[in-house]
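Report on the following structure.
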Amino acid sequence: MTIIEESIYRKNFIEREPSFFPHTNWEEIEKLGIAGETAKQVLFFDFLQIIPDYSGNTDGIVFGTMFEFKNEFGTETRKESIDEQCTRYYNKLNALAMNLPSKLLQISFNDKKFKLYSMSKYFLETEGTWTNPNDFKIFLSNEKYEKGWICKESITAYNLKYCLLSNKKTISKHDIINEFKNPHVLYINPFAYEHQIDQEKDTCKNDAWLTFNMNMLGSDDLKKRYGAFFTPDKYVIISTKMLRMEIEKINKSDDVQDYIIIDRCAGTGNLEKFLKEDELQHCVLNTLDYLERDTLIKLYDNRVRMILPSELSSLDKTTGMITDGDALSEKFYNFCFQPDKIRFIVSKDSYEKSLELNKWLTDPKIKIIMLENPPFRDNTSNQSKSTKQEKTFIEKQMIANKFTAQESREISNQFLWSAFNHFNISKYILFAPPTYVKVRNLIKANVDNSYLCNRLHFNASESSILLASLVPSENNLPEIIETKSDLEKTVIIKRCKSQISSLIKVDNTNDEVLGFFNTQLFKINELSGLLTNRTSDSHITFYRLTRENILYNLPLWVANCYVPKDYTEREVLYKSADGGRKYQEDCRFLRQCFIWSCITQKNKCFSGFQLKNELCLAQKTIAQEIFLKMETSDSDCVLYEQWLKILNLARLKSEFNKDWTYGFAQIEKEINIKIKSSTKDKSHILKDKFKYEDLNVECKKLKELLKKYFVTELESNLFKYELIK
């Protein structure tokens, strides 16, 4: 345990002031007849005046000793089940990169027995009986630990731990693997990296957990900068089928002598994992990362046609990146298409490889297939004042070709555009967010095959990744794409032509402002806002809501509140203005959007000192005046009546300010609050409870009604009028 870890441990567990059980005599405690195993466990540690670490859902860890409590040990079969349970605890602690206790102390309450094990070999050191928890004080000062180990369950946790313990902001994958192989900071056994890579060479049969997690290694700064996502096997199998369909077509052609498969962002080569040896002989693989290049060589050397970059002269030892492998750089394209420009700045071997590659790329009788899973990252996400990213060679070219800054910044867009504009491809098999088929006119192509993947399986959050087989065409991408998905349903992806912001009815003349809203971008929940005041964020444009425009504008904000039902809707459904202003003729729909917006907790309009919320109901507000002039339906009244219940209950609470007007969000934040209860968990932390249970019950009911109202009253019209598409 490091000095930092030990100080945190003492602060959180040893020095925290618990509320101890009032008895100091263990016999008196036992006479109370407490039966529960967990309750006895808490009393045990209370008696010793210690609050252990319960990480990994263990029965308690005190420095180097892990405790396991049972009412009784029982038979040998029971003993084995206890041993198995403790082993699971141990594996879980290692998966969390926790310090591993060297001792396991099993204690039974009813028959007063104990067993002390050495965790390194799971060897029984001693056993006996006990009378009082004080008998175990000798074991509480144990500060010896066992070394952890790198495996598929623990590799990312130990990566994070090393990054936290290191003073370096940017830690390369190479730094991490070197630490795993020769530990200096981490208390782990040396990791047999080369052996594991050798095991993964037979990738069709073995669990390739190391190459799968390679993109998760390194510091957050590095991962955010390069945005790589490893492709899971289930989707590689599908892309391989698409690739083979193209290979079969090429092999039947009399005009084609050869073909090459190019992967400019190959990583550890997982897209090529299921290719046969004769198919691999056509592959040109490139990667930016030194460790990935090293892995590619170990897995594919002499099996593929070429591995790039061909030399390490441009290696940045800080990041572990080989800049010559940057497939978006000018030097990379000179290597591919203009060897003479790099002749005197690279080695003779690299120059000869450049000549060879250029010959393949320019020969009309050699077909070019691109197979790629590019990084998914918008450079704007990293463009803070201190870390502004330089424009890539391809980004500058896209800007020169009249693409917007937003279109040009996205890395996957750069890979897509450059594939069609620099390489004479016959097919591009691509993993990327569906944005390029939803709203971008980056390329002229047709989609002859596709599959909608779940980004959750890419070591990322749940969303859609479109695997598409793209064929160059004279026309833009199709208006509608039908694709299969993991959920065994066909998903329809529709192109969006115009941004929903074009429907905003601007009113800058009326002084009676009910609030401000934003709903500019295509993506749902990209920037959500319905506020009393404009935000101070200069990148967001907020529009005034007045009596004259509120009924027309609120549906645009409501569209932004749509909650995707599963991954096939994330990144697939966008806001749009393609339906025009037809929605404005539907008075019932406008009324429903208004009522829902005034009541929902997603409305963040608040009252405060010198600030009045005018966009809430059942109070003296402009919104209430508008509402009273409306003809309401039964479903509207149900929602309104539930809101009245909550408002009337809130008025009785001490936190209510009678001079303010309240929306649901403000009541949730300031009145329906949580306080500490008198009940504690086993860590002696007071549990939270709602201060006003009657109010909380009604708030829960309203939330359910709001969800139901959105689905039954609003959702179909949002799609009908193409506010969501």
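Annotations
- Taking chymotrypsin sites (Phe, Trp or Tyr not before Pro) in DSSP loop states with no more than 10 other Cβ atoms inside 10 Å as exposed sites, the chain has its longest site-free stretch at 1-343.
- Near-label residues of region 155-170 by backbone N, under 19 Å of a point 7 Å along Cα→Cβ of N189: 155-159
- Cα gyration tensor shape for the chain, rounded if a/c is under 1.5, else prolate or oblate: oblate
- In plain terms, the residue of R547, R264, R651, R495 with the fewest other Cβ atoms within 10 Å comes first and the most crowded comes last, giving R651, R547, R495, R264.
- A straight Cα-to-Cα reach below 20 Å connects K113 with the lysines K31, K40, K70, K79, K103, K137, residues fewer than 8 places away in its own chain not being considered.
- For the chain, share of DSSP beta bridges that run antiparallel, in % to the nearest 5: 65 percent
- Helix-only arithmetic for the chain: the sum of -39500 (n - 2.57) across DSSP H runs with n ≥ 4, divided by the residue total, places the mean residue ellipticity at 222 nm at -10000 deg cm²/dmol.
- Pairs beyond 23 Å (Cα-Cα), from K444/K489; K144/K687; K391/K438; K523/K582; K497/K523: K444/K489; K144/K687; K391/K438
- Gyration tensor verdict on region 237-494 (Cα atoms; rounded if a/c is under 1.5, prolate if a/b is larger than b/c, oblate otherwise): rounded
- Global form of region 500-720, assessed from the alpha-carbon gyration tensor, a/c cut-off 1.5: prolate
- The chain: relative contact order in percent, alpha carbon pairs under 8 Å with at least 6 residues between: 7 percent
- If R0 equals 30 Å, the separation of the Cβ atoms of D255 and N476 corresponds to a calculated FRET efficiency of about 0.60.
- Subtracting the Cα-Cα distance of A460 and R581 from their residue separation scaled by 0.36 nm leaves 39.8 nm.
- Within region 270-303, trypsin sites (Lys or Arg not before Pro) in DSSP loop having at most 13 other beta-carbon neighbours inside 10 Å: K276
- Burial ordering of D486, D326, D634, fewest other beta-carbon atoms within 10 Å first: D634, D486, D326
- In region 135-186, the trypsin sites (Lys or Arg not before Pro) that fall in loop regions by DSSP, at most 15 other Cβ within 10 Å: K144, K147, K152, K168, K169
- Note on K604: aspartates and glutamates with a C-alpha under 12 Å away, same-chain residues under 8 apart excluded, are E614, E668.
- Partners for K365 among lysines (Cα-Cα distance below 16 Å; same-chain residues under 8 apart left out): K249, K252, K427
- Residues in region 616-631 reached by a label modelled at D511 [backbone nitrogen below 19 Å; 7 Å Cα→Cβ]: 621-623
- In this simple spin-label model, placing a label point 7 Å from the Cα along the Cα-to-Cβ direction at both K645 and S498 gives a separation of 4.3 nm.
Computed from the coordinates by the stated procedures, all read-outs in this text should not be read as laboratory data. It should be emphasised that the depicted structure is a prediction, and the values quoted were computed from it without experimental measurement. Quick reminder, even Gly has a Cβ in these numbers, built from the backbone with ideal geometry, and neighbours come from all protein chains shown.
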